[in-house]
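Contents: one structure, followed by commentary.
The values are calculated or read from the model by the stated rules, or taken from the named source; none is laboratory data. As the structure is a computational prediction, the values presented were derived from the model and not from experiment. A quick note on method: Cβ atoms are made from the backbone with ideal geometry, for glycine too, and the neighbour counts reach across all protein chains shown.
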Amino acid sequence: MVLASIALLMLADPAVSPTTSDDSVIEPVSAAPASAPPAAGAPPLPSPTDDAPTPAPPSTEPETIEGADPASARLPPPVRPNGSFGLELGYAHGGDRFLTVVSPTTGPTGSSNAGDGAFFSLAGSWTPYWSTSGVGLGVYARAGAKLSAARDAATTASYFRCPLAVGAQLLLPVVGRWFALGRLGVMTEVLQQLEITSGGGGRSSANFSSTLGEFLDAGVLWTPANFTGFAAIARYERLDVSYAGDVMTASNLGLLAAGYLRF
């Protein structure tokens, strides 16, 4: 009876398959749904590197100190000629007539004044003080020799002396390595000697008394390198000469060129 009933049911609905309680039903497991694609037209996400700031190119401008003038920061250090030693050469003219050569036939043929002469000096200076504006103040000293002469065809008279001087020195900056130079001090002349040569014979005299005078220098100083300096100077000396009890003026005005080693 049971088999007949099952057969009738299968004939009535063929789509229904008979199952028993022992049969297990296996249902297919559907795959996990895939992630939904991004919506059409949405902007792409920014790259992590897009928001990073672009490094600035290295600056070619020179570094400056905060609060300082940029123009002055690029200037070379100022020139400061603290010490110097060198040679001065020049010629001076002035004073009373001191030497006169007289020819027996033609009369006076040559003369020289008491302040005349070509000279050279070994000179040194030291400038320890410099102001913030570049003005230098120091001391100066020199020692040298000076010679003047008067002559004719047969006779020569010459006057030799050694000037000594010491004083103060002032340097004023002009532009770059150029300075205006000024000096003021005291001087004297020592080892004075008068010599006369005539006809193969001669005589000399040192009957001089030293006197004290003053000098004034004004000129320009150029320092082209760290250890050298050159100067052109006008010099005025106020001095008397005392010879054999007679006093005459030897004040003179001279021009000189100088070269110095700086240190």
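Worth a mention:
- Test result for R151, without any contact (Cβ under 8 Å) to a residue 60 or more places away in the chain, under 24 Å from S111 (Cβ atoms) and crowded, with 19+ Cβ neighbours inside 10 Å: no
- Qualifying residue in the range 216-223 (condition: closer than 15 Å to G144 by Cβ and either out of contact with any Pro (no Cβ under 7 Å at 6 or more places or on another chain) or touching a residue at least 60 places away in the same chain (Cβ under 8 Å) (or both)): yes
- Test set (1) among the β-branched types (V, I, T); (2) within 33 Å of the chain's Cα centre (by Cα); (3) under 19 Å from R142 (Cβ atoms) - V175 fails condition number: (3)
- Count of the range 139-162 residues which are in a strand (DSSP E or B) and under 18 Å from E195 (Cα atoms): 15
- Unmet criterion (only one of (1) in contact (Cβ under 8 Å) with a residue 12 or more places away in the chain; (2) loosely packed, with under 14 Cβ neighbours inside 10 Å; (3) under 30 Å from G110 (Cα atoms); (4) not aromatic (F, W, Y)) for A168: (3)
- No other residue among G117, G110, G124, G136 is closer than 22 Å to T249 by Cα, within 39 Å of the chain's Cα centre (by Cα) and either among the small types (G, A, S) or modelled with pLDDT under 95 (or both) apart from G117.
- Some residue of the range 190-210 being surrounded by 13 or more Cβ atoms within 10 Å (Cβ to Cβ), without any contact (Cβ under 8 Å) to a residue 40 or more places away in the chain, of a type in the set (D, E) and under 30 Å from V139 (Cα atoms): no
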